[in-house]
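> A single structure is presented below for examination.
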Amino acid sequence: MIRSHQIRLNPTSEQESYFYKASGTARFAYNWAVGQWRVAEDKKPSANGLKKAFNAIKREQYPWVYEVTKCAAEQAFADFGDAVKRYRSGQNDAPTFKSRNRGQFSFYIANDKFE
């Protein structure tokens, strides 16, 4: 049996703004990984390789990533790695870009990172 907890949040306006920033950062990191993966012609990079490349350039090119928890971007690369694994096994189509207009705003945060 799988058990889960569903918790309803009533965020303040500051918290709601933070949630949108974090989900936008997660979407951006995922889309960045998809874009880099698509332009690679010969050898497709791994999710960990893309994560290292993103971490190397984010301070200069994307300083706003530091406004939210690091878990948001990290989990986006893990999700991308899962999408690539499913694509290579024939289970799904190739990873596609996430849209701001479709789907739900979401991001991951580790249990030890919030109060």
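> Of E60, E16, E41, which residue is loosely packed, with under 11 Cβ neighbours inside 10 Å, at negative phi and outside any loop (DSSP other than H, G, I, E, B)? Quick ask: steps written out before the conclusion?
Numbers: E16 fails: loosely packed, with under 11 Cβ neighbours inside 10 Å; E41 fails: outside any loop (DSSP other than H, G, I, E, B).
So the residue among E60, E16, E41 that is loosely packed, with under 11 Cβ neighbours inside 10 Å, at negative phi and outside any loop (DSSP other than H, G, I, E, B) is E60.
> Can I ask one more? Are any residues in segment 69-115 more than 22 Å from W37 (Cα to Cα) and either modelled with pLDDT of 90 or more or assigned to a helix (DSSP H, G or I) (or both), and if so, which ones?
N111, D112, K113
> Could I ask something else about it? So in segment 70-93, with the set limited to residues that are open to solvent by less than 40 Å² (accessible area, probe 1.4 Å) and in contact with a Phe, Trp or Tyr (Cβ under 6 Å, 6 or more places away or on another chain), which one is farthest from K58 (Cα to Cα)? Quick ask: steps written out before the conclusion?
Step one: filter segment 70-93 for residues open to solvent by less than 40 Å² (accessible area, probe 1.4 Å), giving 71-73, 76-77, 80-81, 83-84.
From what's left, in contact with a Phe, Trp or Tyr (Cβ under 6 Å, 6 or more places away or on another chain): 71-72, 76, 80.
On the way: C71: 15, A72: 14, A76: 15, F80: 18 Å.
Filtering first and then ranking leaves F80.
The values are calculated or read from the model by the stated rules, or taken from the named source; none is laboratory data. Since this is a predicted model, take the numbers as computed values, not measurements. Counting neighbours? That spans all protein chains shown, and the Cβs are built from the backbone with ideal geometry, glycine included. Remember, those area values only see protein heavy atoms, side chains included, never the ligands or the DNA or RNA. Shrake-Rupley method; radii C 1.70, N 1.55, O 1.52, S 1.80 Å.
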